[in-house]
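Taking it in order: structure first as C-alpha cells, then the write-up.
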Amino acid sequence: AKSKPSCIMASQRAVRNLYKRVMKSVPRVIEQYEFTSINETECKRNLAKLFRQHQTVSLPEIKEMLLAKGEMEFDETIRMHKTPCHILKVLTTDIDEKLELDGGVSSHEYAKLSGGSGFMSDFYQGK
C-alpha cells in the first residue's frame, strides 16, 4: 500500500513539473512563432485551464496517458514541429467557452454549425 502513495506523488510531481515548464516557455513560444498580437497573460490563463480541465481524473492509466500527451505536445511545440495555427488554437481558445458550446450541442449539430457535413460524426456513430 505504501507504493501507491509514492506513485501518486510522483505523478503529481511530474504534472507540476510539466506545468511549470509550459508556463515558463510561453514567452519563448510567442517569440519563436513570431506571434506579435498575442497577450502572454491570456495564453497562460488558457493553458492553466487546460491543465485544470483534467484535475479530477483519478485512473492512473488515464493520468499517465494525459501526461505523456502533454509532454509530446510540449516537445513538438518547443521544437517548432507544429504549425502556427495549431499553437494559436491552444493559446487563444477560451476553454470555458469551448466547454459551454460542447456541453449544449451534440457532435452532429456542432459539425453542422461549424460548417462540416456531419459525415464523420455519423461515421463514428455507425450510421
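The values are calculated or read from the model by the stated rules, or taken from the named source; none is laboratory data. This structure is a prediction, so every number in the text was calculated from the model and none was measured. Quick reminder, even Gly has a Cβ in these numbers, built from the backbone with ideal geometry, and neighbours come from all protein chains shown. Keep in mind that these areas ignore ligands, DNA and RNA; they rest on the heavy atoms of the full protein, side chains included. Shrake-Rupley method; radii C 1.70, N 1.55, O 1.52, S 1.80 Å.
Carbon-plus-sulfur accessible fraction, region 1-85 (probe radius 1.4 Å, protein heavy atoms only): 57%. Rounded, prolate or oblate: pick one for region 1-57, where a ≥ b ≥ c are the square roots of the eigenvalues of its C-alpha gyration tensor, a/c under 1.5 means rounded, and failing that, prolate if a/b is larger than b/c, else oblate. Verdict is prolate for region 1-57. Across the cross-link table entries Lys20/Lys49; Lys24/Lys89; Lys63/Lys127; Lys20/Lys69, which are compared at the Cα atoms, the separations over 22 Å belong to Lys63/Lys127.
When the Cα positions of Leu59, Gln32, Val22 are compared along the charge dipole of region 12-89, Leu59 comes out farthest toward the positive end, with charges on each C-beta of Lys, Arg, Asp and Glu.
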